[in-house]
Each structure stands twice: as C-alpha cells, then as structure tokens.
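Below is one structure, written out as structure tokens; comments come after it.
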Amino acid sequence: MSEVIGLFPTPLMRIPGALQPSLVKGLVEHFSTQAWLANNSSGNLSHTTMLKPSDSPLLVAAATAITPLLSEFGALLFGERLPWSLKEMWVNLLDTGGRQAMHNHANSFISGVAYLTPTHSDSRTVFMKSPGGKDFSFKNDHAGSVTGPYNAEKWISPQPEPGDIVLFPSYLMHAVPPNPGARRITLAFNAIPTRLDSWGYKIAFSG
C-alpha cells in the first residue's frame with residue numbers, strides 16, 4: 001500500500017485569544033495615533049516606529065503573553081526550549097484599500113502578528129513559497145488541475161479574531177491583499193533566541 005510522507009514541513013503556530021480583550025483595546029487606543037510612518041508600497045498603510053517592550057506598559061503586558069509562546073514555537077525550529085527575546089515590535093494600520101506587499105523579516109528567527117481589530121476575510125494574511133531562482137520554471141496550472149499542499153504557491157491563513165496571534169519562521173514570505181473593509185490594526189514583532197549551540201560552537205544574540 002502506498003504512503004505519502006510530508007518531508008520537512010514549515011511550521012506556523014496559531015494561538016487564538018492569546019491577548020486579553022482589555023489589552024487589545026488598550027493597544028488599539030494607544031497606538032492608533034502613533035502609526036504615522038508611510039508604507040513604501042501602499043498609501044493606505046502606515047506603521048509606528050520600531051518599538052521595544054520597555055516603551056510602554058502595554059507592550060510589557062503583550063511581551064509577557066507572547067514570550068512563552070516563542071519558547072514553544074522555537075522548540076519546533078531548533079529542537080530545544082530556548083530563552084527568547086522580542087527584538088522589535090510595531091503597529092500596522094491598514095485602512096480601506098491598503099495592502100502589504102510580499103516580504104519577509106530579516107535579522108530574526110521568529111516573526112509574529114497579533115490581530116487587534118476584526119479583519120475582513122479578503123485581507124487575511126497570505127503566506128507564500130519563496131520565489132525561485134534564475135532557473136526556468138514549469139507549472140501544471142489550469143482549470144482541470146487540483147491545488148494541494150504539495151503544489152500550492154500560497155496559503156491563506158484562517159479568519160483571525162482580535163487577540164489572536166500567529167507565529168512563523170522569519171524567512172517565510174507573506175503579504176496582505178487589498179483591504180476592502182474597515183481599518184485593520186495589527187501588532188507585528190520579531191524575536192531572537194539568546195543563543196544557538198552547534199556542538200560547542202555557540203552564537204549569542206542580544207537585543
């Protein structure tokens with residue numbers, strides 16, 4: 001009997017209700033007026049400056065909820081529960097018609113998104129396979145073909161609710177399609193472990 005084995009899957013962790021409603025409300029009220037940095041690819045998307053938990057008691061509370069999740073997810077990536085620190089955090093305001101272009105996050109190992117407001121179903125976060133190199137590419141893509149986990153080029157995340165968090169490897173490409181709904185507010189963040197140990201060859205990180 002044949003058997004299909006999924007080799008080397010990419011993990012993505014979804015944590016419903018990770019942030020308490022009172023914290024979500026406080027983050028929205030405090031940071032909605034501070035996201036004044038324009039996005040390079042969309043005039044209806046703006047961001048706060050890069051923040052650290054120490055910048056606000058609200059971010060301290062968010063970091064307290066997020067940090068244990070980083071250790072749990074990090075064990076999937078590195079096979080060990082390591083201490084993790086939030087390297088940076090920022091708030092995104094995606095107004096009607098705004099979008100986030102495909103990108104990934106440099107200089108980090110775990111990235112995440114905390115959803116702070118309701119999200120229109122058409123502007124859920126989309127995750128994509130990394131674009132190929134310079135080689136020719138062949139596809140079988142037509143009305144009669146079936147898309148599955150082994151030939152799909154993108155995956156649309158489930159409908160999030162305020163307080164939900166997703167964690168993913170920082171190299172994973174992702175984007176947000178044009179938002180046809182009301183303002184969508186998220187708290188994004190990057191994280192690094194304190195160290196990595198490869199048979200005695202250790203690299204330490206600080207942030």
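The values are calculated or read from the model by the stated rules, or taken from the named source; none is laboratory data. Predicted model only: the values in this text are computed from it and were never measured. Backbone-built Cβ (ideal geometry, glycine too); neighbour counts: all protein chains shown. The protein model used for the area step is the full one, side chains on, heavy atoms only, and it has no ligands, DNA or RNA in it. Shrake-Rupley method; radii C 1.70, N 1.55, O 1.52, S 1.80 Å.
First compute the accessible area of the chain with a 1.4 Å probe, then give the percent of it belonging to carbon and sulfur atoms.
Details: 6940 of 12080 Å².
Here carbon and sulfur together make up 57 percent of the probe-accessible area.
Search the structure for amide H atoms under 5 Å from the amide H of residue 110, placed 1.01 Å from N in the peptide plane, and list their residues when 5 or more places away or on another chain.
170, 191
Accessible area per residue for the chain in Å², computed with a 1.4 Å probe and the full protein assembly in place, what is it? Walk me through the numbers on the way to the answer.
Details: 12080 Å² over 207 residues.
With all protein chains present, the chain gives 58 Å² per residue.
Residue 25: which aspartates and glutamates have alpha carbons under 16 Å from its alpha carbon, excluding same-chain residues fewer than 8 sequence positions away?
Within the straight-line limit of under 16 Å, residue 25 reaches these aspartates and glutamates: 161, 164.
Per residue of region 98-106, in order, report the coupling 6.51 cos²θ - 1.76 cosθ + 1.60 (Karplus, θ = phi - 60°) as ³J(HN,Hα) in whole Hz, putting x for Gly and Pro.
So the Karplus estimates, Gly and Pro as x, are x, 8, 10, 5, 4, 6, 9, 10, 7 Hz.
Averaging sequence separations of C-alpha pairs under 8 Å and six or more residues apart, then dividing by the length of the chain, give the relative contact order as a whole percent.
Values: 408 pairs, mean separation 65.3, N = 207.
Reported relative contact order: 32 percent.
Given a 10 angstrom Cα cut-off, can you work out which residue in 171, 115, 150 is the most mobile in a GNM of the chain?
Between 171, 115, 150, it is 150 that shows the largest mean-square fluctuation.
Compute and list, largest first, the equivalent-ellipsoid semi-axes of the chain from the alpha carbon gyration tensor, each √(5λ) rounded to a whole angstrom.
Numbers: eigenvalues 160, 123, 51 Å².
In descending order the semi-axes read 28, 25, 16 Å.
Distances over 17 Å make up what percent of all Cα-Cα pairs in region 90-207?
That tail contains 65 percent of the Cα-Cα pairs.
Short version: ³J(HN,Hα) in whole Hz for each residue of region 73-86, in order, from phi by Karplus 6.51 cos²θ - 1.76 cosθ + 1.60 (θ = phi - 60°), x for Gly and Pro, what are they?
Using θ = phi - 60°, the values come out as 5, x, 5, 6, 7, 10, x, 7, 7, 9, x, 10, 9, 6 Hz.
So if I place +1 on the C-beta of Lys and Arg and -1 on the C-beta of Asp and Glu, and nothing else carries charge, what would the dipole magnitude of region 1-107 be about its Cα centre? I want it in debye, nearest 20. Mind showing how you got there, number by number?
On the way: 6 positive and 7 negative charges, 19 e Å.
Approximately 100 debye in magnitude.
Placing +1 at every Lys and Arg Cβ and -1 at every Asp and Glu Cβ, with all other atoms neutral, what dipole size does the chain have around its Cα centre, in debye to the nearest 20?
Charge dipole of the chain: 220 debye, to the nearest 20.
Rank these by accessible area, largest first, 1.4 Å probe: 88, 161.
Values: 88 30, 161 105 Å².
Descending order: 161, 88.
Got a sec? Charge dipole of the chain, +1 on Cβ for Lys and Arg, -1 for Asp and Glu; which of 35, 171, 128 is way out at the positive end?
Farthest along the dipole direction, towards plus: 35.
With every protein chain kept in the model, how would you rank 202, 87, 129 by accessible area, 1.4 Å probe, largest at the top?
Working: 202 140, 87 50, 129 110 Å².
Output order, biggest surface exposure first: 202, 129, 87.
Where in region 154-176 does the label zone of residue 122 land, with the point 7 angstrom along Cα→C-beta and an amide N cut-off under 16 Å?
Backbone N within reach: 176.
Straight-line reach from residue 129: which aspartates and glutamates fall under 17 Å, measuring Cα to Cα and dropping same-chain residues less than 8 apart?
Reachable aspartates and glutamates: 141, 153.
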